[in-house]
Amino acid sequence: MPSKQSKTFTQHFEELERLVEELETEEDLDLALKKFERGLELSKEIKKRLAVAENRIAVMKKDADALEDV
């Protein structure tokens, strides 16, 4: 399996969506638990990447606001 960082945000999100769809019909408990665990990992990675993006946007807005004040 590729490392988490080698996948894009979109790829992580699409994998999470697929897992959710599969879990809705999964009958094998062990397989469902593995999929659920992977979903939690993906969710954590997605949240982390969103937080990084939000911080970058906040910095860019602050920089843009500072330029307007000059």
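The values are calculated or read from the model by the stated rules, or taken from the named source; none is laboratory data. Being a predicted model, the structure only gives us computed values, none of them experimental. Cβ sites come from the backbone with ideal geometry, for glycine too, and all protein chains shown count toward neighbours. Remember, those area values only see protein heavy atoms, side chains included, never the ligands or the DNA or RNA. Shrake-Rupley method; radii C 1.70, N 1.55, O 1.52, S 1.80 Å.
Each principal axis of the Cα cloud of the chain was evaluated for its coordinate range; sorted largest first, these ranges are 63, 23, 14 Å.
Which residue, Leu42, Leu29, Leu50, tops the fluctuation ranking in a GNM of the chain built on C-alpha contacts under 10 Å? So, out of Leu42, Leu29, Leu50, the one fluctuating most is Leu29. In straight-distance terms, cross-link reach from Lys35 covers every one of the lysines whose alpha-carbon lies under 19 Å from its own, apart from those fewer than eight places away in the same chain; here that gives Lys4, Lys7, Lys44, Lys47. Helix 29-68: angle to the longest alpha-carbon principal axis of the chain, degrees 0 to 90, nearest 10? The helix 29-68 is inclined about 10 degrees to the chain. For the stretch 8-70, the set of GluC sites (Glu not before Pro) satisfying both a DSSP loop assignment and a count of at most 12 other C-beta atoms within 10 Å is given as Glu27.
Keeping every protein chain present and rolling a 1.4 Å probe, give me the accessible area per residue for the chain in Å². Spell out each step's value before the answer.
Details: 5950 Å² over 70 residues.
I get 85 Å² per residue for the chain.
Roughly what would the spin-label model give for Lys61 and Leu33, points 7 Å off Cα along C-beta, in nm? Here the answer is 4.3 nm between the modelled labels. Seen against the Cα atoms of the chain and their longest principal axis, helix 9-25 is set at about 30 degrees. Maximal additional length on extending the Glu41-Lys7 stretch stands at 10.9 nm, based on 0.36 nm per residue less the C-alpha distance.
Using unit Cβ charges (K, R positive; D, E negative) and no other charged atoms, how large, in debye to the nearest 20, is the dipole of the chain about its Cα centre? It would help to have the intermediate numbers written out before the result.
On the way: 13 positive and 18 negative charges, 93 e Å.
Dipole of the chain, to the nearest 20 debye: 440 debye.
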